[in-house]
Amino acid sequence: LTAQAAYDAKDWATCAAQFTEVAARDAKHAAGAYYNSACCYALGGQADRAFATLEQAIGAGYYDRAQTEADADLAGLHADPRWATTLADLDRAEATWEKSLGDPALRKELLAMRDQDQAARNAQIAGKAAPALNAKVVEVDRKDTARMKEIVAKLGWPGIKLVGKGGAQAAWLLVQHADLDHAFQKQCLPLIERDRHIDLG
């Protein structure tokens, strides 16, 4: 079985072993593979191995606390006293990683803009496109587009080296939603493609 097939089959022991094997042979993807392995261990009720493998993931460069806290696969670990230690380790790892970015403050701003964008759209869906909720989405899009234009004019595309993968993805989402300014969207497209080519490999 492949790691994903084992996960789908709920064969947690095989799933964990396969992801650990990937981590051992592929340094570029080791952090994510160790994280996935930890999820399989957690789902299989092996808390000790799950926590140990999470630490391996952090050591390999994993730092996403928000993902870790939200991941239902790890819910079985939340009551364990070691959970707080893992979250603290993730905070430290993220702080260290942020220092490597060109503009950590811009990353935070872009992530906040993305969250507001998604909140407005989720409210619109839940409210069955009520006029006031539609207007709120338009207002958010106008504000975000204006800010994205300022950012691009000053810095160029806020790519991975500047704001990290999450920040660059947030910027891409915001430009996707700039439907009231197609010229700006067209301006950004080659910049996004160049960033993907250079940084995602």
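Laid out as a table, the results:
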read-out: Filtered residue count, the stretch 139-151, keeping only those that are surrounded by 12 or more Cβ atoms within 10 Å (Cβ to Cβ) and free of Cβ contacts under 8 Å to residues at least 24 places away in the same chain; value: 2
read-out: Pairs with Cβ under 7 Å, 6+ apart, first in the stretch 89-105 and surrounded by 12 or more Cβ atoms within 10 Å (Cβ to Cβ), second among the polar types (S, T, N, Q) and assigned to a helix (DSSP H, G or I); value: Leu90/Thr68
read-out: Options Asp91, Asp64, Asp73, Asp80; residue that is closer than 22 Å to Lys28 by Cβ and not small (Gly, Ala, Ser); value: Asp64
read-out: Residue among Lys154, Lys136, Lys128 that alone is at pLDDT 95 or above, over 15 Å from the mean Cα position of the chain (by Cα), farther than 21 Å from Arg194 by Cα and open to solvent by 70 Å² or more (accessible area, probe 1.4 Å); value: Lys136
read-out: Per-region count, the stretch 16-44, residues in contact with an Asp or Glu (Cβ under 7 Å, 6 or more places away or on another chain) and open to solvent by 40 Å² or more (accessible area, probe 1.4 Å); value: 1
read-out: Residue pairs meeting the criteria (Cβ under 7 Å; at least 6 apart or on separate chains; first surrounded by 14 or more Cβ atoms within 10 Å (Cβ to Cβ), in the stretch 108-124; second outside any helix (DSSP H, G or I)); value: Leu110/Pro158; Asp117/His177
read-out: Qualifying positions in the stretch 2-11 - surrounded by fewer than 21 Cβ atoms within 10 Å (Cβ to Cβ), under 18 Å from Asp71 (Cβ atoms) and modelled with pLDDT of 95 or more; value: Ala6, Asp8, Lys10
read-out: Wholly enclosed helices (runs of 4 or more DSSP H) of the stretch 65-132 bearing at least 3 residues within 29 Å of Ser37 (Cβ to Cβ), hydrophobic (A, V, I, L, M, F, W, C) and out of contact with any Leu (no Cβ under 9 Å at 6 or more places or on another chain); value: 82-98
read-out: Matching residues, the stretch 176-186, being assigned to a helix (DSSP H, G or I) and open to solvent by 10 Å² or more (accessible area, probe 1.4 Å); value: Gln176, His182, Ala183, Gln185, Lys186
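The values are calculated or read from the model by the stated rules, or taken from the named source; none is laboratory data. Predicted, not measured: the structure shown is a model, and the values here were computed from it. For neighbour counting, all protein chains shown are included, and Cβ atoms are generated from backbone atoms with ideal geometry for every residue, glycine included. Heads up: the accessible areas ignore ligands, DNA and RNA and are worked out on the full protein's heavy atoms, side chains in. Shrake-Rupley method; radii C 1.70, N 1.55, O 1.52, S 1.80 Å.
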